[in-house]
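Notes follow once the structure below has been shown.
The values are calculated or read from the model by the stated rules, or taken from the named source; none is laboratory data. The structure displayed is predicted, hence computed values, not measured ones. Here Cβ is always computed from backbone atoms with ideal geometry, including for glycine, and neighbour counts include all displayed protein chains. All accessible areas refer to the heavy atoms of the entire protein, side chains included, with ligands and DNA or RNA removed. Shrake-Rupley method; radii C 1.70, N 1.55, O 1.52, S 1.80 Å.
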Amino acid sequence: MTVTRFAPSPTGWLHIGNLRTALFNYLIARKTGGSFILRLDDTDQARSEEEYVDGIKADLDWLGLHWDRIERQSDRLDRYATAADSLRAAGRFYECFETPTELDLKRKKQLNMGRPPVYDRAALALDEAAREKLRAEGRQGYWRFELALERIEWEDGILGPLSIDAASVSDPVLIRADGQVLYTFASSVDDMDMGITHVVRGADHVTNTATQIQIIRAMGGTPPAFAHHSLLTGPQGEALSKRLGTLALRDLRAQGVAREALLSLLARLGSSQPVALRADLDEIAEGFDLSQFGAAPTKFDATDLWPLTRAHVQSLPLQAVANKLAEIGVPDTLAPAFWDVARENIDRLDDLAGWWALCRDGAAPEIAPEDADFVAQALALLPPPPYGPQTWAEWTAQVKAATGRKGKGLFMPLRKALTGRGDGPDMAALMPLLRRVRALEDAGG
Ligand code: GLU
């Protein structure tokens, strides 16, 4: 049975990059009838906040990425302590005492000598007496995992066969001097205990994967299958990391981006398959194939979400927007006609409110000086609302006969006088929905 997980740290709002990771893991579980775990990586108590936990859940709920189980690392600290004991017993865990400044100095020296800045394992040489002495000096020990110096290899679900020389990686710190269990460790224990079979995450985790494979094996577990998706960049290939704050899912949602647009785009972007609007997660899961994704950084342009959002909202049946229409005050009796008229003129559902305001309150007329006489003449021929389906045809025929204008010169000034703008729905269909025409009121009509 396939078990995947999405493991955000609740230290901020979910952004578009997180969505990619969440979606891939969700889709793998969904396609195989497996289960999908939401795991909150919250061992960093100083930076984790309940507000973000709620935000993560709300975003996933909105997207329809429902989890089968939720886990919190902060509930599992005892388990990590036991796991740490087992690594100590296996002789793979050692206590270190260097301060950050000392470590920094070591790194600089190594770099100066043209060597990779890999931890030199000085602490491994300390005996218990030496450690006691350091403790007595007031130094707090922290714990590193001793990597076996071999090549760590795996078949990556996206990047293909990977091989990392453990000697090129520092022994990872797994427990800090203040006792905080670090993600590298907690995640290994969890992936093992929770029977995670597949882990998809960003390419920035490749080195973590190498060390976690060894940690899981040292604890007697079997590492999951790993896949690393490329990182998203901006449209010009610029790093997105600094702008991710502006690409929070909650903000995109507030701007009116449809969830179907987000899911459809992120499930295919960076793969060899075309991006197209798909109606739901079943349809999205159907063609999803991890092996179709490439290693190259993936360009993400937030403006691509709008054509998809537009296509989605315009495709909605009346019943799907009924609540929205009621919310903005469209009476039930007018809802079908209003939706028919407005749907093709909106980019997002929130645009409906503007069209309804036009129908209900009318609009300040837009009348060019050279059209003023023409419009005044035309308005004199228009009775006040309500109007019927023939009103526009009959009225414009009368105006045409009276003024001799035709085509655009006839229709456009009338449209602008009635709606205050040059674009919008078919006037014949709009007229029966107009409850006020301010140009008429202005003209004393
Ligand atoms: N909390 C980690 C992160 O957000 C999880 C990485 C992983 O999937 O293992 O980067």
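Provide Arg39, Arg139 ordered by accessible surface of protein heavy atoms (probe 1.4 Å), highest first. Don't skip to the end; give the middle numbers.
Working: Arg39 0, Arg139 70 Å².
These residues rank, largest area first, as Arg139, Arg39.
For the stretch 91-101, putting each phi into the Karplus relation 6.51 cos²θ - 1.76 cosθ + 1.60 with θ = phi - 60° gives couplings of x, 10, 10, 9, 8, 10, 10, 4, 7, x, 5 Hz, in residue order, rounded to whole numbers and with x for Gly and Pro.
Reducing the stretch 290-346 and the stretch 73-135 to their Cα centroids gives an inter-centroid distance of 54 Å.
Applying the Karplus relation 6.51 cos²θ - 1.76 cosθ + 1.60 with θ = phi - 60° to the stretch 418-432 yields 3J(HN,Hα) values of 8, 10, x, 8, x, 10, x, x, 3, 5, 4, 7, 6, 3, x Hz, where x marks Gly and Pro. Averaging sequence separations of C-alpha pairs under 8 Å and six or more residues apart, then dividing by the length of the chain, give the relative contact order as a whole percent. Computed value for the chain: 13 percent relative contact order.
The residues Arg151, Arg310, Arg5, sorted by heavy-atom accessible surface at 1.4 Å with ligands and nucleic acids left out, run Arg151, Arg310, Arg5 from largest to smallest. Note on the stretch 7-96: with charges restricted to the Cβ of Lys and Arg (+1) and Asp and Glu (-1), its dipole about the Cα centre is near 540 debye. Which of these, Ala58, Ala136, Ala123, has the largest mean-square fluctuation under a Gaussian network model of the chain (Cα springs below 10 Å)? Checking each option, the largest mean-square fluctuation is seen for Ala136.
Listed by chain and number, the lysines whose C-alpha is less than 29 Å from the C-alpha of Lys406, apart from same-chain residues fewer than 8 away, are Lys416. Shape annotation for the stretch 116-275: C-alpha extents along the principal axes are 63, 34, 34 Å, from largest to smallest. Summarising the label geometry, the points placed 7 Å from Cα in the beta-carbon direction at Leu162 and Arg438 lie 5.9 nm from one another.
Pair-distance distribution of the chain: all C-alpha pairs, bin width 20 Å, starting at 0; shares per bin in whole percent are 20, 39, 23, 14, 5, 0. With protein chains left intact and a 1.4 Å probe, residues in the chain average 47 Å² of accessible area per residue. Extending 7 Å from the Cα toward the beta-carbon at both Asp280 and Asp332 defines two label points whose distance is 2.5 nm. Sorted from longest to shortest, the spans of the Cα atoms of the stretch 195-345 along the three principal axes equal 69, 36, 27 Å.
Treating each Cα of the stretch 98-193 as one equal point scatterer and applying the Debye formula with no solvent, the log10 of I(q)/I(0) at q = 0.14, 0.15, 0.26 Å⁻¹ comes out as -0.71, -0.80, -1.39. What residue among Ala342, Ala380, Ala148 shows peak mean-square fluctuation when the chain is described by a Gaussian network model with Cα springs under 10 Å? Comparing Ala342, Ala380, Ala148 in a Gaussian network model of the chain, the most mobile one is Ala380.
The alpha-carbon atoms of the stretch 327-445, seen along their principal axes, cover 42, 26, 24 angstrom, with the largest extent given first.
Note on exposure: Glu102, Glu71 ranked by accessible area (1.4 Å probe, complete protein assembly) read Glu102, Glu71, with the most exposed listed first. Here Ser163 sits with roughly 50 square angstrom of accessible surface, probe radius 1.4 Å. Excluding same-chain neighbours fewer than eight residues apart, the aspartates and glutamates reachable from Lys31 by a Cα-Cα span under 14 Å are Asp280, Asp282, Glu283, Glu286, Asp289. Of all lysines in the structure, the ones whose alpha carbon falls short of 21 Å from that of Lys242, not counting any fewer than 8 places away in one chain, are Lys299. Stretched out straight at 0.36 nm per residue, the stretch from Asp301 to Glu155 would grow longer than its current Cα-Cα span by 49.5 nm.
Spatial offset of the stretch 214-275 relative to the stretch 376-445 amounts to 50 Å, using the alpha carbon center of each. Taking only the C-alpha atoms of the stretch 19-119, the Rg (one decimal) and the largest Cα-Cα distance, Dmax (whole number), read 20.0, 53 Å. Kirkwood hydrodynamic radius of the stretch 340-406, from the reciprocal of the average inverse Cα-Cα distance over all distinct pairs: 14.1 Å. Taking amide H positions as placed in the peptide plane 1.01 Å from N, state which residues far from His15 in sequence (5 or more) or on other chains have amide H under 5 Å from it. Those lying under 5 Å, H to H, from His15 are Leu249. Using the Karplus relation 6.51 cos²θ - 1.76 cosθ + 1.60 with θ = phi - 60°, the per-residue 3J(HN,Hα) values for the stretch 165-179 come to 7, 4, 5, 8, 10, 5, 4, x, 6, 10, 10, 7, 4, 7, x Hz, with x marking Gly and Pro.
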